[in-house]
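Trainee: There's a structure below that I have some questions on.
The values are calculated or read from the model by the stated rules, or taken from the named source; none is laboratory data. Small disclaimer: the values here were computed from a predicted structure and weren't measured. Positions of Cβ are backbone-derived with ideal geometry, glycine not excepted, and every protein chain shown enters the neighbour counts. The area values use the complete protein model at the heavy-atom level, side chains included, leaving out ligands, DNA and RNA. Shrake-Rupley method; radii C 1.70, N 1.55, O 1.52, S 1.80 Å.
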Amino acid sequence: MIFSETLIEYWPSLLMGLKETGIMMVISMFFCLVIGLPLGLGLFLANPKVKGNHLGLYWLLNFLVTVVRSFPYLLFVIALIPVTRSLLGKAFGPIPSSVPLSIVAVAIFARLVEQVLLDVPEEIYFLSNSLGTSRLQYIWNFLLVEARSGLVLAYTTTTVSMVSYSTVMGVVGGGGIGDFAVRVGYQRYEYGIMYIAIIIMIALVFILQMIGNLIAQKIDKRK
């Protein structure tokens with residue numbers, strides 16, 4: 001069988017893998033944003049480097065984020081199978097696979113958010129303080145505005161990382177383009193199909209990174 005015929009044969013499976021990857025990415029990156037951003041902000045505000053008054057809270061959040069980020073991902077996915085089953089009633093498929101993916105995305109993004117906010121010049125705080133702003137006004141109108149370009153880049157970096165993480169979800173029945181590449185390309189010795197899947201993943205990462213860079217440059221108020 002020539003390569004074109006093989007590609008046509010497996011094309012529906014390839015599209016299904018892309019759809020499953022898309023489902024996992026959309027769910028995980030949604031929770032990454034709505035939970036990871038406040039968590040990273042909390043880490044920053046409680047950080048002793050910015051004279052945070054909640055040292056116990058900081059070390060608790062820091063411990064949780066560090067544990068999740070340092071946990072071997074495949075073992076983390078397997079360990080969460082009972083939790084996922086209790087929450088969703090099932091542990092296999094792209095939606096259940098989004099649970100561990102979301103947790104890791106939140107932890108990674110929260111740490112990146114903290115680092116970005118730590119790089120904001122102290123003069124921004126002094127300026128807001130001299131204007132008599134409240135804590136909420138400082139965060140919303142000064143801190144996040146100053147850091148918005150870096151936050152977009154941090155979110156982009158997290159998204160790219162999650163594309164890579166999602167490729168191993170086939171181990172627990174999550175499917176996705178990575179699972180397709182392993183099942184069809186590697187296990188069936190269809191290496192041409194495997195390389196097509198790899199090229200698609202590389203192209204996806206490149207497009208995501210380019211979009212993130214363009215948005216970050218456009219909203220960078222320092223230019």
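Trainee: Along the positive direction of the dipole of the stretch 1-137 (beta-carbon charges: Lys, Arg +1; Asp, Glu -1; about the Cα centre), which of Val83, Leu57, Phe30 reaches farthest?
Mentor: Leu57
Trainee: Using the charge dipole of the chain (Lys, Arg: +1 at Cβ; Asp, Glu: -1 at Cβ; taken about the Cα centre), state which of Ser161, Ala107, Ile177 has its Cα farthest towards the positive end.
Mentor: Ala107
Trainee: Pairwise over distinct Cα atoms, reciprocal of the mean inverse distance: report the Kirkwood radius of the stretch 14-138 in Å, one decimal place.
Mentor: Kirkwood radius, the stretch 14-138: 16.4 Å.
Trainee: Hey, another quick one. When the dipole is taken about the Cα centre of the chain, and only Lys, Arg (+1) and Asp, Glu (-1) are charged at their Cβ, what size is it in debye, to the nearest 20? Each step should come with its number before you reach the end.
Mentor: Values: 15 positive and 11 negative charges, 90 e Å.
Roughly 440 debye, rounded to the nearest 20.
Trainee: Okay, next question. Could you pull the Cα extents of the chain along its three principal axes, largest to smallest, in whole Å?
Mentor: 74, 42, 24
Trainee: Let me ask you something else. Can you return the aspartates and glutamates within cross-link range of Lys90? Criterion is Cα-Cα under 20 Å, with same-chain partners fewer than 8 residues away left out.
Mentor: Output for Lys90: Glu20, Asp179.
Trainee: Still on this structure: Where the accessible area of the chain is counted over protein heavy atoms with a 1.4 Å probe, how much of it, in %, is carbon and sulfur? Don't jump to the answer; show the numbers that get you there.
Mentor: On the way: 8630 of 12540 Å².
So the carbon and sulfur contribution to the accessible surface is 69 percent.
Trainee: Could I ask something else about it? Give the residue from Leu208, Leu15, Val68 lying farthest towards the positive end of the charge dipole for the chain; charges sit on Cβ (+1 for Lys and Arg, -1 for Asp and Glu) and the dipole is referred to the Cα centre.
Mentor: Of the candidates, Val68 comes out farthest on the positive side.
Trainee: Beta carbons within 10 angstrom, averaged per residue: use that to sort the peptides 72-83, 33-44, highest first. Before the final figure, lay out each step's value.
Mentor: Working: 72-83: 14.4, 33-44: 18.9.
The densest-packed peptide leads the list: 33-44, 72-83.
Trainee: Quick check on packing: order 56-66, 155-165 by the mean number of other C-beta atoms within 10 Å, highest mean leading. Could the numbers behind the result be given before it?
Mentor: On the way: 56-66: 14.5, 155-165: 19.4.
Highest to lowest by the protection proxy: 155-165, 56-66.
Trainee: Follow-up. Residues of the chain: accessible area per residue at 1.4 Å, in Å²?
Mentor: Numbers: 12540 Å² over 223 residues.
Per-residue value: 56 Å².
Trainee: Kindly give the semi-axes, whole Å and largest first, of the ellipsoid equivalent to the stretch 152-223, taking each as the square root of 5 times a Cα gyration tensor eigenvalue. Each step should come with its number before you reach the end.
Mentor: Values: eigenvalues 199, 34, 6 Å².
Taking √(5λ) for each eigenvalue gives 32, 13, 5 Å, largest first.
Trainee: So what is log10(I(q)/I(0)) for the stretch 23-95 at q = 0.19, 0.25, 0.28 1/Å, when the Debye sum runs over its Cα atoms only?
Mentor: -0.93, -1.16, -1.22
Trainee: Let me ask something else about it. Counting only Cα atoms, I'd like the Rg/Rh figure for the stretch 101-204, Kirkwood definition for Rh. Present the calculation step by step, with values, prior to reporting the outcome.
Mentor: Numbers: Rg = 20.6 Å, Rh = 16.5 Å.
Rg/Rh: 1.25.
Trainee: Can you name the helices of the chain, as whole DSSP H runs, whose Cα span along the helix axis is 27 Å or more and whose Kyte-Doolittle mean is not below -0.5?
Mentor: Numbers: long enough: 3-46 (59 Å, 1.41); 94-118 (35 Å, 1.57); 144-166 (32 Å, 0.73); 191-219 (42 Å, 1.96).
Span-like helices in the chain: 3-46, 94-118, 144-166, 191-219.
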